[in-house]
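Here's the structure we're looking at; comments come further down.
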Amino acid sequence: HVQLVESGGGSVQVGGSLTLSCVASGDTIGRYCMGWFRQVPDREREGVAGIDNDGSTSYAGSVEGRFTISKDNVKNRLYLQMNSLQPEDTAMYYCAADLSFGVVSGTQRGVPQYWGQGTQVTVS
């Protein structure tokens, strides 16, 4: 019963930085594993990063060392700090919540229980 709304997307230069936010309502994100996915037209959805209820994180190899996922349980918000952005990072980014860490990390095949509407990131 949690609703997720992403924000913070936009256009950024190659090598630049951007921070995405996901505001949750209806339930506390502390009850879920949280994650970020991205998708481009005609390509499959890609798991970007995940964080479990205790703060453990995982990252896709393509963003390791450049992106940082974090959360604020008091504000009920999830964040994705993106540094050294490349054109290949251009995509629609989605916030997700599920009881499974593997699902929100993209390491297990499955559809997260809750999704946001997405926010577009364009790197050029």
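Of the residues examined, Gln81 is one that is in contact with a strand residue (DSSP E or B) (Cβ under 8 Å, 6 or more places away or on another chain), closer than 24 Å to Gly10 by Cβ, open to solvent by 60 Å² or more (accessible area, probe 1.4 Å) and part of a strand (DSSP E or B).
Within the range 30-51, the set of residues being open to solvent by 40 Å² or more (accessible area, probe 1.4 Å), of a type outside the set (S, T, N, Q) and outside any loop (DSSP other than H, G, I, E, B) comprises Arg31, Glu46.
All told, Ser70 falls short of being at pLDDT 95 or above, assigned to a loop (DSSP other than H, G, I, E, B) and open to solvent by less than 60 Å² (accessible area, probe 1.4 Å).
Within the set Asp27, Asp54, the sole residue that is open to solvent by less than 60 Å² (accessible area, probe 1.4 Å) and either at pLDDT below 95 or not in a helix (DSSP H, G or I) (or both) turns out to be Asp27.
Look at the range 65-92: where a residue is in contact (Cβ under 8 Å) with a residue 40 or more places away in the chain and at negative phi and a partner is open to solvent by less than 20 Å² (accessible area, probe 1.4 Å) and polar (S, T, N, Q), sitting 6+ places away or on another chain with Cβ atoms under 8 Å, you get Met92/Thr119.
When Glu64 is tested against the conditions (1) of a type in the set (Asp, Glu); (2) surrounded by 17 or more Cβ atoms within 10 Å (Cβ to Cβ); (3) over 18 Å from Pro41 (Cα atoms), the lone failure is (2).
The values are calculated or read from the model by the stated rules, or taken from the named source; none is laboratory data. These figures come from a predicted structure and were not determined experimentally. Virtual Cβ from ideal backbone geometry, glycine too; neighbours counted across all protein chains shown. All accessible areas refer to the heavy atoms of the entire protein, side chains included, with ligands and DNA or RNA removed. Shrake-Rupley method; radii C 1.70, N 1.55, O 1.52, S 1.80 Å.
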